[in-house]
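To keep things clear, I will list the structure first and then write my remarks on it.
The values are calculated or read from the model by the stated rules, or taken from the named source; none is laboratory data. These numbers were taken from a predicted model, which means no experiment stands behind them. Every residue, glycine as well, gets a Cβ built from its backbone with ideal geometry; the counts of neighbours run over all protein chains shown. The accessibility values were calculated without ligands, DNA or RNA, using every heavy atom of the protein model including side chains. Shrake-Rupley method; radii C 1.70, N 1.55, O 1.52, S 1.80 Å.
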Amino acid sequence: MTSTVATESTPDSRSEDARLERELTDTWRLCRGFAGWFCETNHTVIARRMLVTAFVFFALGGVEALLMRLELARPDNHFIGPDRYDQLFTVHGSTMMFLFAVPVMQAMGIYLVPLMVGARTVAFPRLNAYAYYTYLIGGVFLYVSLFTDTGPDTGWFSYVPLSGPQFSPGKRVDVWSQVVTFTELSALSTAANLIVTTLKLRAPGMALNRMPLFVWAELVTSFMVIFAMPAVMLATMCLALDRLVGTHFFNSAVGGDPLLWQHLFWFFGHPEVYIIFLPALGMVSSIVVTFSRRPVVGYLPMVLSLVATAFLGFGLWVHHMFATGLAELGQGFFTAASIMIAIPSGVQIFCWIATLWSGRLVLATPLWFVFGFVAIFVVGGLSGVMVASVPIDLQVHDTFFVVAHLHYVLIGGAVFPLLGGIHYWFPKLTGRMLDERLGKAGFVLTFTGFNLTFFPMHLLGLHGMPRRIYTYRAATGFGPLNLLATVGAFVLLAGLLVVLTNVVRALLSGRDAGPDPWQSDTLEWSVASPPAPYVYEHLPCVAGRYPLWEGIRDCVVEGMDPRQRQVLVTAALDAAPDHVYVLPGPSIWPLLSAVATGVTFITMIFTPWAVPLGLALGTVCLVGWFWPRPPHEPLLAEQP
Amino acid sequence: MSERRRVTVRELPSYAFGPRDPMWWGVALLMCIEGTTIALLLLMYFYTRQRVDVWPTTAPARDSLYAGAATTAVLLASIVPTHLMNGAAYRGDLARIRRFMVLMTALSLAALGTRIWEFRALPFRWDTDAYGSVVWGLLTLQTTHLGLGVIENLMFVVLLYRGPVEKKHLVDVEVNGMYWYFVVGGWLPIAATIYGEALFR
Ligand code: HEM
Ligand SMILES: [Cu+2]
């Protein structure tokens, strides 16, 4: 199937290329007008919307954080008060975990994975749009509730019995459980999409062992989503049923068990941390390789570490429950497992250091964020190993030590790499360069601000300051360190505002980026910035791990029909071409289906009639979604 | 002048069965998600069980056993037309696909019928106690899988008779068959758990 021919750039071949481009543009044209906005299914458009939405939620979560920090800045402060403070930390935690961290990582995946594997788009563009809208509806619902004083107030893991019907009457917890269900539905759809895109749409020649590490990270993460998210969906469903129709899953009076909630929640909750963190590791790998100008040291150990982390990540959940009085043996086991997971993370850190050490470093802003990540994450990892041991955990459980630990891991492990990734891929997404001086200033400020905010919290925790308190007495002596943390939070805010300014300035008047401003190795840098809706004029084929450093333009796929939305399906392992598949175009049904999902879930809070309603709406949507398109393919000979 | 390697895909087919097809993977992942949910709910059943002295707190009545057995029988029977339908799909034999699809859909509707009987035969409600909640939970979960399968089957019947039937629909028929296997397969451990206990006490 492969042939070598000599080609020359003749007038003939140039007009051929122009025609190809015209036809592709026509076929993959984006929807226009107001209505078109709601029908669009192009993956770069949807991913951009996901990214913007996720950062809006990051900003909202950040405002809540600042309000909390203001409240805690000095002793005996009453400007927020207990009820509002409860809503603030709950909505902050839930926003950051469910509406920011997971979606933002998936959005990066949806944007970049198809480009990196040499595909025109994702495997299921409509499902992608559906996932986005469900996520959006869930997030808006949470904030409408917060602003109408029905914001959830039982913490981001809403333990029963506090969140059960007896101690939390009203609708607040119902809002929380439905929001979680929305976001998990969205995350599951996106994960399935990413897995199939990665396994079936890779460019010919990109065998699994040639996939970029970022793609590996997204793939492994998506599998974790598939097996972790059902646990929390089931848990929130059961909670909703306990609250709404009187089941007794968690009611100890008639055989249920509150601890069952904790098991289910953390069976999801611990993997969740890795779901947020593994894609960030993938971004770090991309950045490290590009800016040290050499192949990564230890590709295979890196991949194996990702996979090992995923497996181990499912065996740790009980370390969140050490304070519940478990059997000794269980405690020993989960302590060992929790410490063991430091090994694969350590392997990756050493591989990066070796790569950087032996490379020719280009000290651009993305790399600075990577350095920041390594520093912060190591501290977070160390406090993690500390709380993995039961005696220490019993001391610091539910104190600010845990708050410090979790922010070191989540912000250090995910937000810093993400900011690095944003600086790295911004030219690809927009076609504009960010300013390096502002970028580095942004890094210095965020790094300083972050440590000023969260390092004191370790000490506060060790001194016994509990988490989730809205104020404290002056006699406790917690005042000065809290003030320091609040000042730090504003420095962090300043840093993030510098990053934002940089972005806005670049959008308005940034330097033109061109396709490959960093001389990177992976395929996404071979196409225009931003990519055309069809992404690749000629689908690429690859023969190594670093296609752009190995001369990718020497090999192209030919014979795709530019007049149809065709994608090339390849074999899952070795990416040999298999068949050519035609994708459906834009459609309003993903949006309508998401609205139907939203109406059903929200009505469920008020009446069980939501079930038949949902059934009816769901059927209509299924039929609409799968309504046969006008045939463009060979028909079966025998027809009605 | 440059050397360019070319990979020609002009001759490739426009569809393929089994794991070669993206939709097959999509549905396989859906099965992973739903399968995990079933497994977790079964774990909840056994978790709750070890905390309660008398289990089942209210034994399923004789009628329940008949109803459960009926559902199981109907679902197992539906495997036969599903298997034959897949075979017909590989051969592109539209007439046989239609016949078996109708048969399979009829059986899936029958299973929905016996499922209603099952619910009505249970001698306890979801709000009786934790045992009641988890049994109703298991049955409801499986009913959603069953219901989704039934809706899909009905859509296929309409498509196959109204047309136009394209070749790639053959793959969709196969994938639908695979999902149906999952519906049946997912039911067996649930049935064994709910009714087995009452049977062998
Ligand atoms: C941007 C700067 C941030 C600041 C200043 C901040 C600050 C805080 C504060 C003050 C609390 C409440 C402590 C308490 O009273 O118990 C908190 C809780 C929390 N934060 Fe953040 N946070 C930030 C970013 C993030 C990010 C990016 C994430 C996740 C990706 C996150 C996840 C959480 C979680 C899960 C909780 C626990 C909520 C609960 O107790 O239910 N935070 N944060
Ligand atoms: Cu954990």
Checklist outcome for this item: Once normalised by the length of chain A, the mean sequence separation of its alpha carbon contacts under 8 Å that are 6 or more apart gives a contact order in percent of 20 percent
Checklist entry - When the C-alpha atoms of segment A:555-624 are aligned to their principal axes, what extent does each axis show, in angstrom, from largest down? => result 59, 29, 17
Checklist outcome for this item: Output field shielding_mean for A:192-201 (other chain Cβ, 10 Å radius) holds 4
Checklist entry - Where the only charges are on Cβ atoms (+1 Lys, Arg; -1 Asp, Glu), what is the dipole of the protein assembly as shown about its Cα centre, to the nearest 20 debye? => result 620 debye
Next on the checklist: What number results when the radius of gyration of segment A:286-346, computed over Cα atoms, is divided by 2.2 N^0.38 Å?
Outcome noted: 1.54
Next on the checklist: On the Cα set of segment B:34-199, report Rg and Dmax in Å, please.
Outcome noted: 17.8, 60
Item to check | Solvent-accessible area buried by A and B, counting both chains, probe 1.4 angstrom, square angstrom | outcome: 6200 Å²
Item to check | Square roots of 5 times each gyration tensor eigenvalue, C-alpha, segment A:173-251, largest first, Å | outcome: 36, 10, 8
Item to check | segment A:173-326 - percent of accessible surface contributed by carbon and sulfur, probe 1.4 Å | outcome: 73 percent
Checklist entry - Using bins 10 angstrom wide from zero, how does P(r) for segment A:85-135 break down, in % of all Cα pairs? => result 22, 40, 24, 11, 3
Next on the checklist: If you consider only alpha-carbon coordinates, what radius of gyration and Dmax does the protein assembly as shown have, in Å?
Outcome noted: 27.7, 87
Item to check | Where only alpha carbons of segment A:310-401 are counted, the Rg and the Dmax (Å) | outcome: 16.6, 53
Checklist entry - Expressed as a whole number of Å, what is the distance separating the alpha-carbon centroids of segment A:73-109 and segment A:228-280? => result 20 Å
Checklist outcome for this item: Averaged per residue, the 1.4 Å probe accessible area of segment A:233-285, protein heavy atoms only, in Å², is roughly 21 Å²
Checklist entry - Per the 1.4 Å probe, what fraction of the accessible area of segment B:34-199, in percent, lies on carbon and sulfur atoms? => result 66 percent
Next on the checklist: Order A:514-525, A:133-144, A:340-351 from most to least packed using the mean count of other Cβ atoms within 10 Å.
Outcome noted: A:133-144, A:514-525, A:340-351
Next on the checklist: Using a loss threshold of 30 Å², tell me which positions in segment B:86-109 are less accessible in the complex than in their chain alone. Probe radius 1.4 Å, ligands and nucleic acids ignored.
Outcome noted: B:LEU94, B:ARG98
Next on the checklist: Give the average, rounded to an integer, of partner chain Cβ atoms located within 10 angstrom of each Cβ in B:142-152.
Outcome noted: 1
Checklist entry - How do A:ILE353, A:ILE80 rank by accessible surface area computed with a 1.4 Å probe, from largest to smallest? => result A:ILE353, A:ILE80
Item to check | segment A:206-352 - Kirkwood radius from inverse mean 1/r over Cα pairs (Å) | outcome: 17.1 Å
Next on the checklist: With a 1.4 Å probe and all protein chains kept in place, how do A:MET465, A:MET233 rank by accessible area, largest first?
Outcome noted: A:MET233, A:MET465
Next on the checklist: If you average the C-alpha positions of segment A:565-591 and of segment B:67-126 separately, how far apart do those two centres end up, in angstrom?
Outcome noted: 31 Å
Checklist entry - Averaged across the residues of B:20-31, what count of C-beta atoms belonging to other chains lies within 10 Å of each residue's C-beta? => result 6
Next on the checklist: Along the charge dipole of segment B:34-199, pointing to its positive end and built from +1/-1 on Cβ of Lys, Arg, Asp and Glu, which listed residue (B:ALA59, B:LEU94, B:VAL158) has its Cα farthest out?
Outcome noted: B:LEU94
Item to check | Convex hull (Cα only) mean projected area of segment A:589-638, reported in nm² to one decimal | outcome: 4.5 nm²
Next on the checklist: At 1.4 Å probe size, with the rest of the protein present, what percent of the exposed accessible area of segment A:40-98 is carbon and sulfur atoms?
Outcome noted: 70 percent
Item to check | Per residue accessible area in Å² of segment B:34-199, where ligands, DNA and RNA are left out and the probe is 1.4 Å | outcome: 38 Å²
Item to check | Accessible surface of B:LYS167 - all protein chains present, 1.4 Å probe, nearest 10 Å² | outcome: 70 Å²
